[in-house]
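Inspection log for the structure reproduced underneath, given as structure tokens.
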Amino acid sequence: MYIGVEDPNPKIATLGKQYLEDHGIEVEFFPAHLQDQIWKDNAKFFKEKELEALQAKKETAKPKKSILQIPAPGASIISFSDEAIQKFLIQSNATFIYPSQEFDQWAEEFGFIEEDENTKEIKPTGLGIMLFGHQPEITFHQSVFKVEINFGSGKPEIKDFSGPLVLQLPAVIDFVKDKGLKLTMDKSSGKREEMADFPLEVLLEAVANAVIHRDYTIEGATNYLYLDPDKIVVRSPGGPVYPLTLDDLKSLSAPSVSRNPKIMYIFNQMKLAEQRGIGMRNMKELPGKGFPLPDFRMNAGLLEVTFGRTKSYIAEKAGLEDLTEEEKETFLFIQKKGKITKVEFAEEFGLGDKTAQRRLADLVAKGLVHMEGKGKATVYVAIYGY
């Protein structure tokens, strides 16, 4: 069988020829001069097909938009929550009001609304609905934040937080502050100040990071916060944001890289997320407040961050279970202070010089503390092996 020229559409070019040959039919093209004539006689047709092929190639080359970037299924402008938007406008000191043309322009620039390619109707995007929608959890089940508090007596208290993210995070923090942290009144400064048994700013940053940086394309998993008397665990779907690695997070010196920079921007404007680098610095200062450094690990596709909050948990994580109470007391004091001198240690516990020297030397021998400097300038520093 003879054929003239291949179809100019790359989607079907050569398919007919291949089909015939696969069924035992020998195929040959027309001679070159006849092919040239075919192209000339059908120039308009071939031009149209070439343009179609070029357009198809461009569409194929376009990066696929995520669920945050496209119009949310079934949503319309009335799907926005007036309460959520007003809260954002107030807390961010915005210069425009809602509803207004200025708000629409701002929302379109940030990708919170977009024109539907089929209906040409202006609709909220997935990002817009998650941040400001009435009930984003109906379409995006992964936007729910689960909290479990277990104090070991009776059933654990479990609560699901849904709704727009700008209202969800404050609700989670208020619930945890009320139910999960033991609060006392500190009068040492001459005025009554509410104090928690774990640094609230660190917990706030960890929860905010889960909301801001999680991978929302993972639809089968939600953010999760667990608290018990010994520890606090925060899990969020997705690993570290490229190019960060788990080791970068463990070092607590990773640069600020966000998977969802627009969510980060909104939370920063509302003062719901720390400035760049502040959150990591707060975590780095935990040992000085008597807590271990957080533990970062991946667990079934979830980034898991664990904070110790009691002496027993700290001792367990530091491998101190077999130490005497005296040795634990010494180590935890050094850990809390960061580094100490023998004189400071002796004064704190009312010890003689030889007793203080012996207790410190015992921990050095066990590899839990190391010495820096010489003579009276010697300081003892806790080694964090967790």
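The values are calculated or read from the model by the stated rules, or taken from the named source; none is laboratory data. If you're wondering where the values come from, they're calculated on a predicted model, not measured in any experiment. Note that each Cβ is placed from the backbone with ideal geometry, even for glycine, and that neighbours are counted across all protein chains shown.
Tell me, please, whether a residue that is at pLDDT 80 or above, buried (at least 19 other Cβ atoms within 10 Å of the Cβ) and not in a helix (DSSP H, G or I) can be found in the stretch 314-333. Scanning the stretch 314-333, I find no residue that is at pLDDT 80 or above, buried (at least 19 other Cβ atoms within 10 Å of the Cβ) and not in a helix (DSSP H, G or I), so the answer is no. For the stretch 22-36, residues that are modelled with pLDDT under 75, part of a helix (DSSP H, G or I) and surrounded by 10 or more Cβ atoms within 10 Å (Cβ to Cβ) total 2. Of everything in the stretch 76-112 that is among the aliphatic types (A, V, I, L, M) and part of a helix (DSSP H, G or I), the residue that is surrounded by the fewest Cβ atoms within 10 Å (Cβ to Cβ) is Ile78.
Each row is one residue, and each column tells you yes or no for (1) at pLDDT 70 or above; (2) in the same structural domain as Met130 (by TED's automatic domain parsing); (3) surrounded by 11 or more Cβ atoms within 10 Å (Cβ to Cβ); (4) part of a loop (DSSP other than H, G, I, E, B).
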| residue | (1), (2), (3), (4) |
| --- | --- |
| Ile38 | yes, no, yes, no |
| Lys44 | yes, no, no, no |
| Glu52 | yes, no, yes, no |
| Ala56 | no, no, yes, no |
| Ile67 | yes, no, yes, yes |
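Run down Leu246, Leu203, Leu183, Leu227 and say which single residue is modelled with pLDDT under 95, in contact with a strand residue (DSSP E or B) (Cβ under 7 Å, 6 or more places away or on another chain), more than 29 Å from Gly128 (Cβ to Cβ) and buried (at least 19 other Cβ atoms within 10 Å of the Cβ). Residue meeting the stated conditions: Leu227.
Note on the stretch 229-283: residues that are more than 12 Å from the chain's Cα centre (by Cα) and not in a loop (DSSP other than H, G, I, E, B) amount to 19. For Glu344, state whether it is charged (D, E, K, R), under 15 Å from Gly288 (Cβ atoms) and free of Cβ contacts under 8 Å to residues at least 60 places away in the same chain. When the stated conditions are applied, Glu344 passes them. Yes or no: Lys376 charged (D, E, K, R), out of contact with any helix residue (DSSP H, G or I) (no Cβ under 6 Å at 6 or more places or on another chain), assigned to a helix (DSSP H, G or I) and closer than 25 Å to Lys250 by Cα? Criteria not met by Lys376.
Under the condition of being surrounded by fewer than 13 Cβ atoms within 10 Å (Cβ to Cβ) and either among the charged types (D, E, K, R) or closer than 18 Å to Gly308 by Cβ (or both), the residues counted in the stretch 349-383 number 6. When the stretch 113-133 is filtered for residues that are out of contact with any Lys or Arg (no Cβ under 9 Å at 6 or more places or on another chain) and either surrounded by fewer than 17 Cβ atoms within 10 Å (Cβ to Cβ) or part of a helix (DSSP H, G or I) (or both), the ones remaining, listed by number, are Glu117, Asn118, Thr119, Lys120, Glu121, Ile122, Gly126, Gly128, Ile129, Met130, Phe132.
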